[in-house]
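The structure appears below as structure tokens.
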Amino acid sequence: MTGSSSPPALPCGAPHDWVDRYLLAGPDDQECLRFGTPVDRATLRALVAEQAGRLAAAGLARGGTVALRLAPSLGYTAALLACWQLGAQAVLLDHRLTDHEVALAVERLAPQVLVESAHGPAAAMRGFAETDPVPAARPDGRPAATGHALVQLSSGSTGPAKVIARTAADLLRELDCYARLAAFPKAGERVVLLSSMVHVLGLVGGLLNSLHARVPLTVPVRMTTAGILAAVGEDDRPTTVIGVPFHAELLAGAAAPPPLPQLRRMIVAGELVRPGLPAAFTARYGVPLGTMYGMTERGVIATDLDGTLHPEAAPVHGTELHEDGGELHIAMAASPYPGLDDPTRWSDGRLHTRDAGRVGREFG
């Protein structure tokens, strides 16, 4: 299969073949992923087809449900895309959950198929693992009750974990937001991803956006300072690093990093950034530390990719923000919490973020 080197424009909705059209399309020999060794699009398409066959043999069909408990890996990527290619709903379970936590989640969500790896867990500080996804049918599983493509669980740090769901159309909407950001990686550049592919930044801003934008994505072999810097330095193409503030702290603390002329910027999200970190990072590498604000429920909401607005950020395309008693609200047509009727989280077309924030006149 061959195709243009530039991605197709994103639609308003999500066609049934959205994975093939917007994530897997492209020239056969075009590098798209690197988990230690480069993977081209023809290889990725073959791996997705193989995983789709395994899932179908386990009984997964359109409208079905599958839970993935896999470490970041090529196997995880292929299994996730295969699930969506079949028209099923994917439940993402962090591979770091205990067996007890996984059992509780599976009992609560009742997926028809559970996918785990035939290999053991990855060694500490590894950026990715070797996985051989093994789907197992669950006789007591239930088909999808909603049309959502993606189901994730909140961390549960402030109470019982929330079930958060997103449609394929909403994932494509978020990819359109990234495509409109001039400073976000474009074709001809590359990404080094440090964030977890199970969480929204690593999943959509990292993995899915790189596949759609045709920007090769590299996951470092080791998530150490030396391992990350080696991943940046192994390729001459303009490079953006995507991670969380912890990773930026790690890199800013490097005593004598090598020259990295290909490094364009680092972008972080997911946690608060301490006031002195952007300046410390720029002093060390001579490039901006960009920040993003987002939520699992919505994806990216606001950005400061050049580091000129911190601690403020500008809303991304199509985001309607409101301030209510010092709390940030975001316009959303439907609740992202299937089965949860809680007006303190979503009501009257607004997501109540429970985050403190102020909205400038130009955005409110």
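A few comments on the model shown:
- Among the candidates Val215, Val151, Val198, the residue that is out of contact with any Cys (no Cβ under 8 Å at 6 or more places or on another chain) and not in a loop (DSSP other than H, G, I, E, B) is uniquely Val151.
- Residue match in the stretch 88-97 (condition: β-branched (Val, Ile, Thr) and without any contact (Cβ under 8 Å) to a residue 12 or more places away in the chain): no
- In the stretch 286-360, counting only strands (runs of 3 or more DSSP E) that sit wholly within it, the ones holding 1 or more residues that are hydrophobic (A, V, I, L, M, F, W, C), open to solvent by 70 Å² or more (accessible area, probe 1.4 Å) and over 24 Å from His148 (Cβ atoms) span 350-356.
- Taking first residues from the stretch 270-281 that are assigned to a helix (DSSP H, G or I) and partners that are among the acidic types (Asp, Glu), the Cβ contacts under 7 Å between residues at least 6 apart in sequence or on separate chains come to Leu277/Glu249.
- Remark: pairs (first residue in the stretch 224-244, open to solvent by less than 40 Å² (accessible area, probe 1.4 Å); second residue of a type in the set (Phe, Trp, Tyr); Cβ separation under 9 Å; 6+ apart in sequence or on different chains) = Thr240/Phe184.
- Close contacts from the stretch 4-18, counting a first residue that is open to solvent by 60 Å² or more (accessible area, probe 1.4 Å) and of a type in the set (Gly, Ala, Ser) and a second that is at pLDDT 70 or above and assigned to a loop (DSSP other than H, G, I, E, B), with Cβ to Cβ under 6 Å and a gap of 6+ residues or different chains, come to Ser6/Ala187.
- Here the stretch 294-322 is the region considered, the condition is being within 18 Å of Met266 (Cα to Cα) and among the hydroxyl-bearing types (Ser, Thr, Tyr), and the residue that is farthest from the chain's Cα centre (by Cα) is Thr308.
- Residue count, the stretch 182-205 (criterion: open to solvent by less than 20 Å² (accessible area, probe 1.4 Å) and in contact with a Ser or Thr (Cβ under 6 Å, 6 or more places away or on another chain)): 5
- Among the residues listed as Arg96, Arg69, Arg108, the single one being farther than 28 Å from Leu194 by Cβ and of a type outside the set (A, V, I, L, M): Arg108
- Some residue of the stretch 210-223 being buried (at least 17 other Cβ atoms within 10 Å of the Cβ), more than 20 Å from Leu33 (Cα to Cα) and within 14 Å of the chain's Cα centre (by Cα): no
- Residue within the stretch 254-262 that is part of a loop (DSSP other than H, G, I, E, B), farther than 23 Å from Met125 by Cα and modelled with pLDDT under 95 present: no
- Residue match in the stretch 306-321 (condition: touching a His at 6+ places or on another chain (Cβ under 9 Å) and of a type outside the set (D, E, K, R)): yes
- Checked against the criterion of being open to solvent by 10 Å² or more (accessible area, probe 1.4 Å), in contact with a Lys or Arg (Cβ under 9 Å, 6 or more places away or on another chain) and either in contact (Cβ under 8 Å) with a residue 24 or more places away in the chain or within 18 Å of Pro216 (Cα to Cα) (or both), the candidates Ala169, Ala145, Ala179 yield just one match: Ala179.
- Given (1) in contact with a strand residue (DSSP E or B) (Cβ under 7 Å, 6 or more places away or on another chain); (2) under 26 Å from Thr167 (Cβ atoms); (3) open to solvent by 10 Å² or more (accessible area, probe 1.4 Å); (4) in contact (Cβ under 8 Å) with a residue 40 or more places away in the chain, number of the condition Pro111 does not satisfy: (3)
The values are calculated or read from the model by the stated rules, or taken from the named source; none is laboratory data. What you see is a predicted model, and the numbers here were worked out from it, not measured in a lab. Quick reminder, even Gly has a Cβ in these numbers, built from the backbone with ideal geometry, and neighbours come from all protein chains shown. These accessible areas exclude ligands, DNA and RNA; they are computed on the full protein's heavy atoms, side chains included. Shrake-Rupley method; radii C 1.70, N 1.55, O 1.52, S 1.80 Å.
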